[in-house]
Amino acid sequence: MKTIAIILASGSGERFGLDVPKQFVKIEGKTILEHAIEAFENHKLVDEIILVTNPDYIDLSKEIILKNSYKKITKVLKGGKTRKDSSYNGIMAINEKEAGVLIHDAARPFVDSQIIENCILALDKYKAICTAIESVDTLVEIDENNIVQNIPNRKFYMRAQTPQAFDLKIIKKAHELAQNAKDLTFTDDCGLVNQFALAKIFIVKGNEKNNKITYPIDIEVAGIVRKI
Ligand code: CTP
Ligand code: MG
């Protein structure tokens, strides 16, 4: 069975605040997008990569692919309005009947090969896998008036990262069901699988290097953490 990685790079990086999306910002001489692609391009267990890119930057994305002569990218697709729509476009472009699918945020450029391997190996036993890291802060549940409702034991709460890995049939089904659902609060892929109770979701341990680049300060932190 093939392992296909979908890289989501269709965001516009509003919180980052530049006039280009954050995935085109360079760290150590390479764009965030290139770092993310190369984690999968260079991974022996990944067969194919589908890149979902911001429609306004499809030419730039193709230029980057050509320049680097990536071998595993089979499709470059336009993303949608939300991350969920972009993910949908990637999943529905897979022609295989069966496959293992990894879905990864391009905004996590420093995912290490061990995390990718652990996600793929876990697919032998589970149909849905979420990379996650322990929460160093206590989480506080509030209501709409900012009043605390609950302070759960943080031991049982983790912060989700990507990649998230799925049996193709399960993640297709989750996105098909989501098309007709109203008031969905979960937009990441494990959130959808969980919402429709389609599979038990297994956790693979992530790490700090794999934190998402959201604000400019995250680039500084990524540069430091990467060297540790
Ligand atoms: N993403 C996507 N399509 C969208 C929105 C997001 O493919 N319509 C991707 C982003 O490119 C990113 C990942 O999903 O790799 C996680 O999203 P986020 O960190 O929120 O990135 P942006 O949406 O670009 O940032 P912001 O929310 O600050 O605008
Ligand atoms: Mg966003």
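The values are calculated or read from the model by the stated rules, or taken from the named source; none is laboratory data. Model, not experiment: these values are computed from the prediction. Cβ: placed from backbone, ideal geometry, glycine included. Neighbour counts: every protein chain shown.
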If we only count helices (runs of 4 or more DSSP H) wholly inside segment 158-228, which ones have 1 or more residues that are surrounded by fewer than 14 Cβ atoms within 10 Å (Cβ to Cβ)? 168-180, 216-227
Sole residue being in a strand (DSSP E or B), at pLDDT 95 or above and more than 16 Å from ligand 2 (Cβ to nearest atom), chosen from Gln149, Gln114: Gln149
Would it be correct to say that Glu144 is of a type in the set (Asp, Glu), within 30 Å of Thr31 (Cβ to Cβ) and assigned to a loop (DSSP other than H, G, I, E, B)? no
By residue number, the members of segment 122-138 that are surrounded by 14 or more Cβ atoms within 10 Å (Cβ to Cβ) and either in a helix (DSSP H, G or I) or not small (Gly, Ala, Ser) (or both) are Ala122, Leu123, Tyr126, Lys127, Ile129, Cys130, Thr131, Ile133
